[in-house]
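The values are calculated or read from the model by the stated rules, or taken from the named source; none is laboratory data. Note that the structure is a prediction, hence the values are computed from the model and not measured. For neighbour counting, all protein chains shown are included, and Cβ atoms are generated from backbone atoms with ideal geometry for every residue, glycine included.
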Amino acid sequence: MDVLVLIGRILFVILFLGSAMNHLGKTAAMVGYAKSRGVPFARPATLVTGVMLLVGGLSVLFGVWADLGALILFFFLVPTAVLMHAFWRETEAGARQSEMLHFMKDLALGGASLMLFALIAHAGDDLGLMITAPLFTIN
């Protein structure tokens, strides 16, 4: 099971680490997109969320307080779904469909992050292939 969870962690964080690189490496473009979606304080928000993606993704990947990393990703994903992919505001059918897909993807990944948090916090040291023990305990 340890190897399966490790493979799952690796596959899970690819998206987040790629997004972190965009937030932190292509900041101007990401700020422009955030502004177009009505995000207040778009530049600081882009940088903070880039750090959240990077820290959360690396934490889950390497198993360094991976439960906390999963929570960080959860707290990135749910607000992002609402702020960045508000499909209910779209008037054009194609844009509405695209934003609804992204909204649902972010919510699904948020749910997966929450389940990963629970799995790690419940399994504790028994999960294996982690550098540190979880910060949280769920019985």
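Scan region 35-50 residue by residue and report those that are β-branched (Val, Ile, Thr) and either outside any helix (DSSP H, G or I) or surrounded by 15 or more Cβ atoms within 10 Å (Cβ to Cβ) (or both).
Val39, Thr46, Thr49
Return the pair list, or none, for Cβ contacts closer than 7 Å from residues in region 89-104 that are free of Cβ contacts under 8 Å to residues at least 12 places away in the same chain to residues that are assigned to a helix (DSSP H, G or I), at least 6 apart or on different chains.
Between residues of region 89-104 that are free of Cβ contacts under 8 Å to residues at least 12 places away in the same chain and residues that are assigned to a helix (DSSP H, G or I), the close pairs are Glu90/Arg96; Glu90/Glu99; Arg96/Phe87.
Can you pull out the residues in region 23-44 that are within 22 Å of Ala86 (Cβ to Cβ) and touching a helix residue (DSSP H, G or I) at 6+ places or on another chain (Cβ under 6 Å)?
His23, Met30, Val31, Ala34, Lys35, Arg37, Val39, Ala42, Arg43
Sort through Leu71, Leu135, Leu119, Leu77 and tell me the only one that's surrounded by fewer than 19 Cβ atoms within 10 Å (Cβ to Cβ) and either part of a helix (DSSP H, G or I) or on the phi > 0 side of the Ramachandran plot (or both).
Leu119
Results for (1) touching a Cys at 6+ places or on another chain (Cβ under 6 Å); (2) under 18 Å from Ile10 (Cα atoms); (3) at pLDDT below 95; (4) not hydrophobic (A, V, I, L, M, F, W, C), shown as yes or no for each residue.
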| site | (1), (2), (3), (4) |
| --- | --- |
| Ala29 | no, no, no, no |
| Gly38 | no, no, yes, yes |
| Ser98 | no, no, no, yes |
| Asp126 | no, no, yes, yes |
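Could you check how many residues of region 51-67 are surrounded by fewer than 20 Cβ atoms within 10 Å (Cβ to Cβ) and either in contact with a Ser or Thr (Cβ under 7 Å, 6 or more places away or on another chain) or over 30 Å from Asp2 (Cβ atoms) (or both)?
1
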